[in-house]
Amino acid sequence: MQNVLIVEDDNLQAGMLSTTISQKYPDWTITHTDNLEQALKIIDDSVHTINFTLFLLDIHLTELENDKGGYAIAKHLRGINVYFKTPILFLTSVSGDGHYAMSNFHCYNYITKPYDAGIILNQISHMLLTGFLETMITVCDIERIKHHISVNDIILIEASGRRKTLQLTNSRIITSMYTIEDFIRMTDSRLIQCHKHYLINPFYIENTDRLNRCLNICGNNIPIGRKYWDTFFETVELI
């Protein structure tokens, strides 16, 4: 689950952004403010509570021609340890602004106005798939011990009846409290279903065998189900 801050002075545009993201990712928390001073206060307060994981910053926060409030926020963020690498998507109506932002504030990308829902979701999806936008989940194992896990550390999830085995980079967790669909939702679709019994992290794939309909991932030979074939390869090719 992600915690997103949108800083956009146009409330109509901000509502469109918030609705687009919420409909696709209903578990995400979204906060909106429309001015520089309030944004800085929200950011400073969040350092000691729940950190934001993504920022969408409008570059021009007033009607003044020389206003670049979004840059001021980005500069402030990069001066805070916990936000030094947190992804920023700039929002702008001038493409030249975006190029400057990427060069000077190490932002992930920029989106030009008017916003297009497909472009917004594509940018976020790519951040999730590439691991740029980290996702943390909490899993309760069969002994009811809670584990806080980065999705980046999950190699695959195997289903055997009610039991699901999470193979991580450094351990294994067995749980019976979740379905495959639960894990897809919890991981923001970062894991790809290649078979009714398997979810895999595409970044650990070593090779695929189209002839025998299987893949190798960290020494595991995993089948690719006929039902998931097309979607699996379409998703992998986007990464």
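The values are calculated or read from the model by the stated rules, or taken from the named source; none is laboratory data. This is a predicted model, so every value here is computed, not measured. Don't worry about glycine lacking a Cβ; one is built from the backbone with ideal geometry, like all the others, and counts go over all protein chains shown.
If I ask for residues that are over 15 Å from Asp153 (Cα atoms) and among the β-branched types (Val, Ile, Thr), which ones from segment 185-232 would you list?
Scanning segment 185-232 gives Thr208, Ile222, Ile224, Thr231.
How many residues are part of a helix (DSSP H, G or I) and surrounded by 17 or more Cβ atoms within 10 Å (Cβ to Cβ) if we restrict to segment 109-156?
Total satisfying the criteria: 8.
Determine whether Asp188 is outside the structural domain of Thr29 (by TED's automatic domain parsing), touching a residue at least 12 places away in the same chain (Cβ under 8 Å) and at positive phi.
So Asp188 passes the test.
Kindly establish whether Ala159 is surrounded by 13 or more Cβ atoms within 10 Å (Cβ to Cβ) and closer than 26 Å to Asn221 by Cα.
Numbers: surrounded by 13 or more Cβ atoms within 10 Å (Cβ to Cβ): yes; closer than 26 Å to Asn221 by Cα: yes.
So Ala159 fits the description; yes.
Only one residue in Glu206, Glu234 is free of Cβ contacts under 8 Å to residues at least 40 places away in the same chain, part of a strand (DSSP E or B) and exposed (fewer than 14 other Cβ atoms within 10 Å of the Cβ). Which one?
Glu206
Please find, within segment 157-186, the residue that is farthest from Tyr204 (Cα to Cα) out of those that are small (Gly, Ala, Ser) and assigned to a strand (DSSP E or B).
For segment 157-186, the residue satisfying everything is Ser160.
Going by what's in this entry, would Ile124 be described as farther than 20 Å from Asn3 by Cα and in contact (Cβ under 8 Å) with a residue 12 or more places away in the chain?
Judged against the criteria, Ile124 is not a match.
State all residues of segment 156-170 that are under 19 Å from Met136 (Cβ atoms) and at pLDDT 95 or above; if no residue qualifies, say none.
If we filter segment 156-170 for residues that are under 19 Å from Met136 (Cβ atoms), which is where we start, we get 156-157, 164, 166-170.
Matches in segment 156-170: Leu156, Ile157, Lys164, Leu166, Gln167, Leu168.
Only one of (1) of a type outside the set (A, V, I, L, M); (2) loosely packed, with under 14 Cβ neighbours inside 10 Å; (3) touching a strand residue (DSSP E or B) at 6+ places or on another chain (Cβ under 8 Å) is not met by Cys214, so which one is it?
It is condition (2) that Cys214 fails.
Okay, residues lined up against (1) within 27 Å of Thr49 (Cα to Cα); (2) modelled with pLDDT under 85:
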{"site": "Gly98", "(1), (2)": "no, yes"}
{"site": "Ser103", "(1), (2)": "no, yes"}
{"site": "His106", "(1), (2)": "yes, yes"}
{"site": "Pro114", "(1), (2)": "no, yes"}
{"site": "Ile124", "(1), (2)": "yes, no"}
{"site": "Phe132", "(1), (2)": "yes, yes"}
{"site": "Ile137", "(1), (2)": "yes, no"}
{"site": "Ile154", "(1), (2)": "yes, no"}
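In segment 1-31, what residues are crowded, with 18+ Cβ neighbours inside 10 Å, assigned to a strand (DSSP E or B) and without any contact (Cβ under 8 Å) to a residue 60 or more places away in the chain?
Selection gives Val4, Leu5, Ile6, Ile30.
Working carefully through the options Leu89, Leu61, find the one that is in a loop (DSSP other than H, G, I, E, B), out of contact with any Ser or Thr (no Cβ under 7 Å at 6 or more places or on another chain) and more than 23 Å from Ile149 (Cα to Cα).
Leu61
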